[in-house]
Amino acid sequence: MEREVISTDKAPAAVGAYSQAIRTDSMVFVSGQLGLVPDTKQFAGGTVAEQTGQALKNMAAILEAAGTSMRYVVKVTVLLADIGSFAEMNTVYSRFFPSDPPARAAFAVKDLPLGGLVEIEAVAVMPH
């Protein structure tokens with residue numbers, strides 16, 4: 001099985017010792033995405049909704065660079081700074097997965113990198 005590092009300038013560069021994603025022959029593992037705008041490296045806004053939308057746009061760009069898309073996401077993990085913002089995140093999230101959404105887990109965590117409000121990671125399959 002091959003292992004390839006995926007990187008695109010259409011999503012924020014990694015801020016640590018990790019890759020934006022790793023692609024194998026059949027799967028893509030996308031690292032946690034914050035709501036950072038690629039060009040500015042600033043958060044898309046101060047709300048969970050704004051940061052969720054940007055995190056998912058970043059994810060879509062990485063998946064595209066890997067040769068797949070949001071349609072092929074099979075598992076998502078959402079990390080929230082406050083579980084009370086779940087509904088706000090879910091409203092935006094639902095727009096990116098309008099039908100047959102992937103499996104998902106959501107957790108509240110003590111802190112997120114750079115003071116983010118939401119971080120989202122995913123596993124996708126490669127289209128045939």
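Here's the yes/no breakdown for (1) hydroxyl-bearing (Ser, Thr, Tyr); (2) over 10 Å from GLY116 (Cα atoms):
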{"residue": "VAL37", "(1), (2)": "no, yes"}
{"residue": "PHE43", "(1), (2)": "no, no"}
{"residue": "VAL48", "(1), (2)": "no, no"}
{"residue": "GLN51", "(1), (2)": "no, no"}
{"residue": "MET59", "(1), (2)": "no, yes"}
{"residue": "MET70", "(1), (2)": "no, yes"}
{"residue": "THR77", "(1), (2)": "yes, yes"}
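Yes/no per residue for (1) at pLDDT 95 or above; (2) assigned to a loop (DSSP other than H, G, I, E, B); (3) of a type in the set (Lys, Arg); (4) surrounded by 15 or more Cβ atoms within 10 Å (Cβ to Cβ):
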site: ARG71; (1), (2), (3), (4): yes, no, yes, no
site: SER85; (1), (2), (3), (4): yes, no, no, yes
site: GLU88; (1), (2), (3), (4): yes, no, no, yes
site: SER94; (1), (2), (3), (4): yes, no, no, no
site: ALA105; (1), (2), (3), (4): yes, no, no, no
site: GLU119; (1), (2), (3), (4): yes, no, no, yes
site: ALA122; (1), (2), (3), (4): yes, no, no, yes
> Restricting the first residue to region 104-128 and requiring it to be on the phi < 0 side of the Ramachandran plot, which pairs with a second residue that is among the charged types (D, E, K, R) meet a Cβ separation below 6 Å and a spacing of at least six or different chains?
Replying inline: LEU112/GLU119; VAL123/LYS75
> Among the residues of region 1-24, which ones are crowded, with 17+ Cβ neighbours inside 10 Å, assigned to a strand (DSSP E or B) and hydrophobic (A, V, I, L, M, F, W, C)?
Replying inline: ILE6, ALA21
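The values are calculated or read from the model by the stated rules, or taken from the named source; none is laboratory data. Keep in mind that what you see is a predicted model, and the values were worked out from it rather than measured. Positions of Cβ are generated from backbone atoms using ideal geometry, with glycine treated the same way; all protein chains shown enter the neighbour counts.
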